[in-house]
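Enquirer: Dumping the structure here so I can ask a few things about it.
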Amino acid sequence: PDKDPTLVVHTDEIFECPPGFGRIVDISNLASPQVISSFRLPHVDDNFDPTTGKFTCLPGRQSIHYPWFDYRSPSLFYVAWYDQGLRAWAISNPFMPREAGYYVSPNYSVSIGQPGRHTRESYQDPETGLIYMTDGNGGGLTVLRWTGPIPPRPPIPASR
């Protein structure tokens with residue numbers, strides 16, 4: 001708490017194809033921030049079709065939005081992935097972020113043509129450890145508890 005952070009989790013909120021993804025950025029030198037890794041869901045990966053000159057993507061909103069760090073470890077954060085639910089990422093090694101867990105909510109759509117899920121934000125209550133997740137497509141509020149391991153150490157220092 002008495003030091004300035006040296007890493008930033010950056011997310012793209014892109015609703016087009018190809019969808020957005022996350023990056024870990026080293027800001028230890030503010031004059032020269034450096035992207036040291038990126039992360040996205042492998043099954044949401046876009047494919048480039050050279051015959052059409054366009055990307056092909058899964059239907060729905062595949063964008064990433066609003067990371068929230070677990071209060072128990074600076075190496076664990078939760079990020080809303082709209083149609084792909086809430087995802088937990090471990091960055092003990094910020095050069096190789098890894099997905100540590102996920103929760104995909106039911107399809108709450110009530111109208112034809114609406115996306116099925118719309119996981120938007122998460123907030124963790126530091127007193128109970130409960131994670132509150134919102135769904136913007138009729139799902140309201142879901143309360144979750146992280147049952148996976150808590151990374152024991154902060155992220156390793158990035159490049160200097």
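The values are calculated or read from the model by the stated rules, or taken from the named source; none is laboratory data. Model, not experiment: these values are computed from the prediction. Backbone-built Cβ (ideal geometry, glycine too); neighbour counts: all protein chains shown. Ligands, DNA and RNA are excluded from the accessible area calculation, which covers all protein heavy atoms including side chains. Shrake-Rupley method; radii C 1.70, N 1.55, O 1.52, S 1.80 Å.
Enquirer: Which one of the conditions (1) touching a residue at least 60 places away in the same chain (Cβ under 8 Å); (2) over 24 Å from A100 (Cβ atoms); (3) of a type outside the set (A, V, I, L, M, F, W, C) does P50 fail to meet, given that it meets all the rest?
Expert: Against the list (1) touching a residue at least 60 places away in the same chain (Cβ under 8 Å); (2) over 24 Å from A100 (Cβ atoms); (3) of a type outside the set (A, V, I, L, M, F, W, C), P50 comes up short only on (1).
Enquirer: Show the residue pairs that are 6+ apart or on different chains and have beta-carbon atoms under 6 Å apart, the first residue being within region 142-154 and within 22 Å of P94 (Cα to Cα), the second being assigned to a strand (DSSP E or B).
Expert: G148/A100; G148/G101; P151/L76; P151/A90
Enquirer: Could you look through region 93-124, keep only residues that are at pLDDT 90 or above, more than 17 Å from T11 (Cα to Cα) and in contact with a Pro (Cβ under 9 Å, 6 or more places away or on another chain), and pick out the one that is surrounded by the most Cβ atoms within 10 Å (Cβ to Cβ)?
Expert: Ranking the qualifying residues of region 93-124, first place goes to A100.
Enquirer: Identify, from the list F77, F48, the residue that is hydrophobic (A, V, I, L, M, F, W, C) and under 19 Å from P94 (Cβ atoms).
Expert: Numbers: F48 fails: under 19 Å from P94 (Cβ atoms).
Result of the check over F77, F48: F77.
Enquirer: Let me ask something additional. Restricting the search to region 10-68, which residues are touching a strand residue (DSSP E or B) at 6+ places or on another chain (Cβ under 6 Å), open to solvent by less than 80 Å² (accessible area, probe 1.4 Å) and of a type in the set (K, R)?
Expert: Within region 10-68, R23 is the sole residue that qualifies.
Enquirer: On to the next question. Which members of region 71-91 meet the condition of being crowded, with 22+ Cβ neighbours inside 10 Å, of a type outside the set (A, V, I, L, M, F, W, C) and closer than 18 Å to T147 by Cβ?
Expert: Across region 71-91, the qualifying residues are S75, Y78, R87.
Enquirer: Here is a follow-up. Within region 133-160, restricting attention to residues that are assigned to a loop (DSSP other than H, G, I, E, B) and hydrophobic (A, V, I, L, M, F, W, C), which residue is modelled with the lowest pLDDT?
Expert: A158
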